[in-house]
Amino acid sequence: MKVSDLANRQSWTLLRPYVPPHSGLDFADACVHTLAPVKETSLLILAAALSSFMSSAANPAVETQSAARPGLLLHVSKLGDNTDGRSWRTAFQTIQAALEAVPDDLGGHRIIIRPDTYAEANLDSKHKGAAGAYNVIEGDWDGRFGSGAKGWVVIDSGAPRVVVRTNPKAATGNPTFMILTNGNPDAETGLKSVDWWGPWRCDPAYSADGWDRWVFRRLYCTGSEGGVGWDMTCHEGVEFSAIVEDCVGLGRFAGACVMAHVGRPAEPVVFRRCYFMCLDVWGDAGAVYVRAHNKRMPSTPDAVFEDCTLIGPDNALQVGYPKFEGYTRVLFRNSRLIVMNFSQPHGTPATGAVYSDLAGKFLHVDFEDCTVMGYKVLGARDDDLFSYTTKGTNRAYVQYRQAVPKGFERLRFWPVETFNELLPPRFQSSAAATKPRLTKLPVALSPSERTP
């Protein structure tokens, strides 16, 4: 979906959202409870008419996890007096200051940020959320929290006034960065594409698992290697869960990533209604990058992308690096995977909208009601292709001489609606922008009612 209207638009089809197994959650029960006053009949409705309902009911897990325990409420605003963050008047002026004020690992804490641009990098959480009580970091997109502003909270990690270089003395094959005390930072403004420099702190000696069980909402992350993401690094194999909703992530390496973790069966990493883009083809760059460290293939996904738009010059999803051994499972639901490369076969073709550097047995991908655009749909190092499943209607628009994998509908015409996700509103017709989509809700309103 487009950056310009991302947070105003809910899921463009009211498909059944991902509800983790063994979580005790039943989406149909939640819908029945909410719609009890409605006449007991099959509902054929406009998706737009239920956008407010779906925003609260689409993921009951999130609402339960983030609201189960009332923790500390903290505010961030450049207009605050930077004292205790307990109100907009006393708000912290930086996001990191609010993170440092989170008191414990009991969960339920909330950080609300006034829309503005924040020149911050390597944000660090010392306190995780808790089971059933996720912490929340959220932008006041529509002003409902009283900040007095509306719009994006932009976290621009390329904007801090520092001179950054790769550390030539780092004791790792993937060296860290260093900040120089000399030099002129104003002569080096721009995207800081240096390994390990990004909005969220992690490096080979420092794990990002402090962000476990956090919810991220209405954040626009850009200016460096990655957008929204975490690497467990020195704590590889640790369980990790997070929920990202209505966010934008742009980075040289990836717009979103999660690495070296093990997914909890009832609490996968979930990205919902997000827009992610990478800005490079070199190395393991992809719109999103996932690499779990499971010892066997899990029955549930390590990462879920639901109603997301993923854009890259070579890969929409990149998984792993050569010779790595560990199992990863990814689910795409109602998402758009777009690769901006339709080269000729003898030119510089893209390696695949979904590409893996791993041996085929180490990756499984589930596609459900997705559209893929690019030179070809799937690719793998040494043509050792991973396993995948398809459910619902999955479509592919590829370079005309490339085969379309089984389970995908080959598109004859350019998918205008999908490509519109990249276009500003002024280039779209009003009819295309406002055309409603009718979807039958998968709910039963009484024992005698059965909607397919």
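Derivation of every value follows stated rules applied to the coordinates shown; laboratory data play no part. Everything quoted here is computed from the prediction, not taken from an experiment. Reconstructed Cβ throughout: ideal geometry from the backbone, glycine too, with neighbour counts over all protein chains shown.
Quick notes on this structure:
- Of all beta bridges that DSSP places with both ends in the range 65-425, some 10 percent have antiparallel geometry.
- Taking other residues whose beta carbon is less than 12 angstrom from the beta carbon of D140, and scoring Lys, Arg as +1 and Asp, Glu as -1, yields +3.
- Farthest positive-ward along the range 286-400 dipole, Cα basis, beta-carbon charges - from G379, A396, P313: G379
- Mean separation of Cα contacts under 8 Å, 6 or more apart, over the residue count of the range 65-425: relative contact order %: 9 percent
- Fewest-first ranking of M340, M232, using other Cβ atoms within 10 Å as the exposure measure: M340, M232
- Average silhouette area of the range 346-389, convex hull of alpha-carbon atoms, in square nanometres: 3.4 nm²
- R213, R69 arranged by Cβ crowding within 10 Å, fewest neighbours leading: R69, R213
- Protection-proxy order for peptides 355-367, 292-304, each taking the mean of Cβ atoms within 10 Å per residue, highest first: 355-367, 292-304
- Summed residue charge, Cβ within 11 Å of Q402's Cβ, Lys/Arg positive, Asp/Glu negative: +3
- Packing-based exposure ordering (other Cβ within 10 Å, fewest first) of H235, H109: H235, H109
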